[in-house]
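S.K.: Following this message is one structure expressed as structure tokens.
The values are calculated or read from the model by the stated rules, or taken from the named source; none is laboratory data. These numbers were taken from a predicted model, which means no experiment stands behind them. Reconstructed Cβ throughout: ideal geometry from the backbone, glycine too, with neighbour counts over all protein chains shown. The area values use the complete protein model at the heavy-atom level, side chains included, leaving out ligands, DNA and RNA. Shrake-Rupley method; radii C 1.70, N 1.55, O 1.52, S 1.80 Å.
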Amino acid sequence: QGGNNAGHTVVVDGKEYDFHLFPSGIINPKAISFIAQLKSYVSLYLLTGLKDWEKRLIISDRAHIVFDFHQAVDGLQEVQRQAQEGKNIGTTKKGIGPTYSSKAARTGLRICDLLSDFDEFSSRFKNLAQQYKSMFPTLEIDIEGQLKKLKGYAEKIRPMVRDGVYFMYEALHGSPKKILVEGANAALLDIDFGTYPFVTSSNCTIGGVCTGLGVPPQHVGDVYGVVKAYTTRVGIGAFPTEQINEIGDLLQSRGHEWGVTTGRKRRCGWLDLVILKYAHMINGFTALALTKLDILDVLDEIKIGVAYKLGGKRIPYFP
């Protein structure tokens, strides 16, 4: 879910890759990677450094396109929030929220639109651009330049595009395969179940597998929760176990806690079992992968958040 707002750093054979849109599995020459009914930033083909990746990447025809003006608007909205409320959400300014807004308003454009009648696509693109220009008078959009670029992208990605639903159906019902679904962001950034409004625009909980890929629920097998041995957060929002002190600094520096996409320092604190349990309530983990335990090696004593109090009373839920 989402788009190039979430970064994954992957190290294989001593070589480091920073992925923003590619599924991490793109490194594996034996794996087919699939970008589904979510967000496709069409300058994808510019991301090289990997051999023959075009042959093992499939893009769903239903994926929504993040346009340059979506990204520009994301930045303008953050400036507006800061001016009006004195605080922003802390988005990555990659256009994800505005693209979801277009999707929900039924004015968004998808890969299938880009690859079919380009005149029709151009007309709808111009309408969408004008809508945003009327909402944001300072917004400048080079409509003709953008369309020329998009036409070029269309031909580059055409061989990779498939009917996403049929592709997944065949993967599930054809010869036995191992299917791994990779989510971006974290459960507490989910648009519905996260610390709203300091969240992303998509469902990063297990439900995103069904809504994003068109996978029926009975095909969801094991669900692995990935959690650090301490808690981190990029951007603003509630963080009860945060350590704004030398402990927080130590976790940040030893753990190399910088956002891959933004380069922002991550806020760090002790492991919060309340939010971990909450994530489990929603996702039903069959197993947990606990990472970065070695970052705590230099500490004589560690703390863990075990309960929340509201109005002086312990509560069994995440408020």
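S.K.: Got the relative contact order for segment 244-298 handy, in percent, Cα pairs under 8 Å and 6 or more residues apart?
M.R.: On the way: 26 pairs, mean separation 18.8, N = 55.
Relative contact order here is 34 percent.
S.K.: Using every Cα-Cα pair within the chain, state what percent have a distance larger than 28 Å. Mind showing how you got there, number by number?
M.R.: Details: 23355 of 50721 pairs.
Tail fraction, whole percent: 46.
S.K.: Same structure, new question: Equivalent ellipsoid semi-axes for segment 88-203, as square roots of 5 times the alpha carbon gyration tensor eigenvalues: give them largest first, rounded to whole Å.
M.R.: Over the Cα atoms of segment 88-203, the ellipsoid semi-axes are 28, 25, 11 Å.
S.K.: Still on this model: Looking at segment 145-213, which trypsin sites (Lys or Arg not before Pro) are DSSP coil and have at most 16 other C-beta atoms within 10 Å of their C-beta? Provide the component values of the computation, followed by the final result.
M.R.: Working: sites: Lys148, Lys149, Lys151, Lys156, Arg162, Lys177, Lys178; in loops: Lys177, Lys178.
Loop-located and lightly packed - Lys177, Lys178.
S.K.: What do you reckon, how do Ser33, Ser24 stack up by accessible area (1.4 Å probe), largest on top?
M.R.: Details: Ser33 5, Ser24 30 Å².
Reading off the accessible areas and sorting them downward yields Ser24, Ser33.
S.K.: Nearest 500 deg cm²/dmol is fine: what mean residue ellipticity at 222 nm does the chain get from its DSSP H runs of n ≥ 4 alone, each adding -39,500 (n - 2.57), divided by its residue count?
M.R.: Helix-only estimate at 222 nm: -10000 deg cm²/dmol.
S.K.: If Ser134, Ser123 are ordered by their accessible area, calculated over protein heavy atoms with a 1.4 Å probe, which sequence runs from highest to lowest? Mind dumping the intermediate values first?
M.R.: Numbers: Ser134 90, Ser123 55 Å².
Result, largest first: Ser134, Ser123.
S.K.: Sort segment 1-171 into rounded, prolate or oblate with this rule: let a ≥ b ≥ c be the square roots of the eigenvalues of the Cα gyration tensor; rounded if a/c is under 1.5, and if a/c is not under 1.5, prolate when a/b is larger than b/c, oblate otherwise.
M.R.: Working: a/c = 2.05, a/b = 1.34, b/c = 1.53.
Judged from the Cα gyration tensor, segment 1-171 comes out oblate (a/c at least 1.5, b/c at or above a/b).
S.K.: Can I ask one more? Taking all protein chains as present, what is the carbon and sulfur share of the accessible area of the chain, in % to the nearest whole number, probe 1.4 Å? Please report the intermediate quantities before stating the final value.
M.R.: Values: 9480 of 17610 Å².
Here it works out to 54 percent.
S.K.: I need to check one value: relative contact order of segment 120-277, counting alpha carbon pairs closer than 8 Å and at least 6 residues apart, in percent. Can you show the working numbers first?
M.R.: On the way: 126 pairs, mean separation 22.4, N = 158.
For segment 120-277, the relative contact order is 14 percent.
S.K.: What GluC sites (Glu not before Pro) in segment 206-287 are in a loop by DSSP, with at most 16 other Cβ atoms within 10 Å of the Cβ? Please report the intermediate quantities before stating the final value.
M.R.: Details: sites: Glu242, Glu246, Glu257; in loops: Glu257.
Passing both the DSSP loop test and the Cβ count: no residue.
S.K.: Next question, about the same structure. DSSP loop (so not H, G, I, E, B), at most 16 other Cβ within 10 Å: list which trypsin sites (Lys or Arg not before Pro) in segment 273-313 pass both filters.
M.R.: On the way: sites: Lys277, Lys292, Lys303, Lys309, Lys313; in loops: Lys292, Lys303.
Within segment 273-313, the qualifying trypsin sites (Lys or Arg not before Pro) (loop, at most 16 other Cβ atoms within 10 Å) are Lys292, Lys303.
S.K.: Roughly what percent of Cα-Cα pairs across segment 109-159 reach past 15 Å? If you can, show how the numbers build up before the last one.
M.R.: Details: 591 of 1275 pairs.
So the pairs more than 15 Å apart make up 46 percent of the total in segment 109-159.
S.K.: Let me cross-check Leu273: its accessible surface, 1.4 Å probe, with only protein heavy atoms counted, in Å² to the nearest 10?
M.R.: Around 70 Å² of this residue is reachable by solvent.
S.K.: Of Arg56, Arg254, Arg124, which has the largest mean-square fluctuation in a 10 Å C-alpha GNM of the chain?
M.R.: Arg254
S.K.: For the chain, find the longest principal axis of its Cα atoms and tell me its angle to the long axis of helix 68-85, 0 to 90°, nearest 10.
M.R.: Orientation of helix 68-85: about 40 degrees from the principal axis.
S.K.: Could I ask something else about it? Can you work out the accessible area per residue across the chain, with the rest of the protein chains kept in place, probe 1.4 Å, in square angstrom?
M.R.: Details: 17610 Å² over 319 residues.
Value returned for the chain: 55 Å² of accessible area per residue.
S.K.: Shifting gears a bit: Using the Cα atoms of segment 223-315 to build a convex hull, what is its mean projected area in square nanometres? Provide the component values of the computation, followed by the final result.
M.R.: On the way: hull surface 28.7 nm².
Quarter of the Cα hull surface area: 7.2 nm².
S.K.: In degrees from 0 to 90, rounded to the nearest 10, what is the angle of the helix 118-135 Cα long axis to the longest principal axis of the chain?
M.R.: The two axes meet at around 50 degrees.
S.K.: Which whole-number percent gives the relative contact order of segment 1-171, counting Cα pairs below 8 Å spaced six or more residues apart?
M.R.: Working: 225 pairs, mean separation 38.5, N = 171.
Normalised by residue count, the contact order of segment 1-171 is 22 percent.
S.K.: Compute a Gaussian network model of the chain, connecting alpha carbons closer than 10 Å, and tell me which residue from Val227, Val11, Val161 fluctuates the most.
M.R.: Its mean-square fluctuation being the largest, the pick is Val11.
S.K.: Further question: Counting only protein chains, not ligands or nucleic acids, how are Thr195, Thr138 ordered by accessible area (probe 1.4 Å), most first?
M.R.: Thr138, Thr195
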